[in-house]
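> Sending over a structure as structure tokens; questions will come in a sec.
The values are calculated or read from the model by the stated rules, or taken from the named source; none is laboratory data. These figures come from a predicted structure and were not determined experimentally. Virtual Cβ from ideal backbone geometry, glycine too; neighbours counted across all protein chains shown. Note: accessible area is taken over every heavy atom of the protein model, side chains too, but ligands, DNA and RNA are not part of it. Shrake-Rupley method; radii C 1.70, N 1.55, O 1.52, S 1.80 Å.
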Amino acid sequence: QVQLVESGGGLAQAGGSLRLSCAASVNIASINFMGWYRQAPGKQRDLVARITSGGSAVYADSVKGRFTISRDNAKNTVYLQMNSLKPEDTAVYYCYADGRVLRFWGQGTQVTVSS
């Protein structure tokens, strides 16, 4: 079982920055895929970014060049640095980790971007 706790969400102005953190209850060095999804009101949950244990990252087209995902295996934490925020980035952001069989989710953290 993997427990994930997100932090760092909040209110930002358009053009501003936030950094989300996702702290895991286990050693993440052996977890290949970790990342972030987001879900806006009335919309489906969409992938924002994911990162492999080797550090390879994939991003949604909507956040490329603005968001950066990283992981610190020593701290068992994954980060999402969000720059040049836009009102359309407003959503609940969920961290996830792929175990061998199950996908584990955090509880989510709200990000609200005002125009």
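> What does the charge add up to near ARG103, with Lys and Arg as +1, Asp and Glu as -1, over the other residues with Cβ less than 12 Å from its Cβ?
Counting the neighbours of ARG103, the net charge comes to +2.
> So what's the net charge close to PHE33: Lys and Arg +1, Asp and Glu -1, counting the other residues with Cβ under 13 Å from its Cβ?
So the surrounding residues net to +3.
> I would also like to ask the following. Kindly report the accessible area of the chain per residue (heavy atoms of protein chains, probe 1.4 Å, no ligands, DNA or RNA), in Å².
53 Å²
> Provide the per-residue ³J(HN,Hα) series for the stretch 85-100, in order, calculated from phi with Karplus coefficients 6.51, -1.76, 1.60 and θ = phi - 60°, each as a whole number of Hz, with x at glycine and proline positions.
For the stretch 85-100, the Karplus curve yields 4, 10, x, 6, 7, 4, 4, 8, 9, 10, 8, 9, 9, 8, x, 5 Hz.
> If I compute solvent accessible area with a 1.4 Å probe over the protein chains, what percent of it on the stretch 1-78 is carbon and sulfur?
The value for the stretch 1-78 is 46 percent carbon and sulfur by accessible area.
> With all protein chains present and a 1.4 Å probe, how do ARG100, ARG45 order by accessible area, largest first?
ARG100, ARG45
> Just want to confirm a number: the relative contact order over the chain, from Cα pairs under 8 angstrom separated by 6+ residues, in percent. Intermediate results must be reported in sequence, preceding the final value.
Values: 286 pairs, mean separation 42.0, N = 115.
Relative contact order, the chain: 37 percent.
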